Amino acid sequence: MKPIIIYDSTLCKMLTMFGGYSAITLMTIIFFKRGKEKVKQDDITHETTHSLQQFEMIMIGIVISILLGFIIGFNWWLISIPLLLFYVIYCLEYIIALPFNKFMNNDSYHTISFEEEAYDNEDNINYPNERKWFSWIKYLGNVKRKG
């Protein structure tokens, strides 16, 4: 799966105005603040990894939604599960890691499993093609990176 990439994005500029971030990936679409000529390949690889992670979580969310639909009945709100599952897990991991990372003087953002996988492999231009499904799982509970 190849993500859609949008450069010089106003949406990205608005969503990342309070952080030092240069890109954001939403539902397998990558938005960069800067124009194409100013975006480095490792940034593209990093965000493409997030795109693949989100695609995996959408697939899991669809399965969960269907199972819940059979158990409790199909409702309109079940559509939100595939769309939000990645972000819910991302935020939960951040919140759970906060006290541990404060103690270890780490930045919780950099110890989120999704971020760890993306940072560890952003220098490998072929990583998105070589990556195995759910590779981020091996980073769960990892607090080694200093932010």
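The values are calculated or read from the model by the stated rules, or taken from the named source; none is laboratory data. Model, not experiment: these values are computed from the prediction. Cβ placement follows ideal geometry from the backbone for every residue including glycine, while neighbour counts extend to all protein chains displayed. Keep in mind that these areas ignore ligands, DNA and RNA; they rest on the heavy atoms of the full protein, side chains included. Shrake-Rupley method; radii C 1.70, N 1.55, O 1.52, S 1.80 Å.
Here are the numbers:
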| quantity | calculated |
| --- | --- |
| Of the criteria (1) modelled with pLDDT of 90 or more; (2) in contact with a strand residue (DSSP E or B) (Cβ under 7 Å, 6 or more places away or on another chain); (3) not polar (S, T, N, Q), which one Cys12 fails | (1) |
| Checklist (1) farther than 24 Å from Thr10 by Cα; (2) among the hydrophobic types (A, V, I, L, M, F, W, C); (3) open to solvent by less than 70 Å² (accessible area, probe 1.4 Å); (4) at pLDDT 90 or above applied to Phe86, failing item | (1) |
| Matching residues, segment 37-49, being of a type in the set (Lys, Arg) and touching a strand residue (DSSP E or B) at 6+ places or on another chain (Cβ under 8 Å) | none |
| Subset of segment 3-26 (residues that are closer than 18 Å to Leu83 by Cα and open to solvent by 60 Å² or more (accessible area, probe 1.4 Å)) | Ile4, Leu15 |
| Residues located in segment 91-110, provided they are at pLDDT below 75 and either closer than 13 Å to Ser135 by Cα or of a type outside the set (A, V, I, L, M) (or both) | Pro99, Phe100, Asn101, Lys102, Phe103, Asn105, Asn106, Asp107, Ser108, Tyr109, His110 |
| Residue match in segment 11-33 (condition: on the phi > 0 side of the Ramachandran plot and either touching a Gly at 6+ places or on another chain (Cβ under 6 Å) or of a type in the set (Gly, Ala, Ser) (or both)) | no |
| Any hit, segment 12-33, residues being more than 17 Å from the chain's Cα centre (by Cα), closer than 25 Å to Asp120 by Cα and in a helix (DSSP H, G or I) | no |
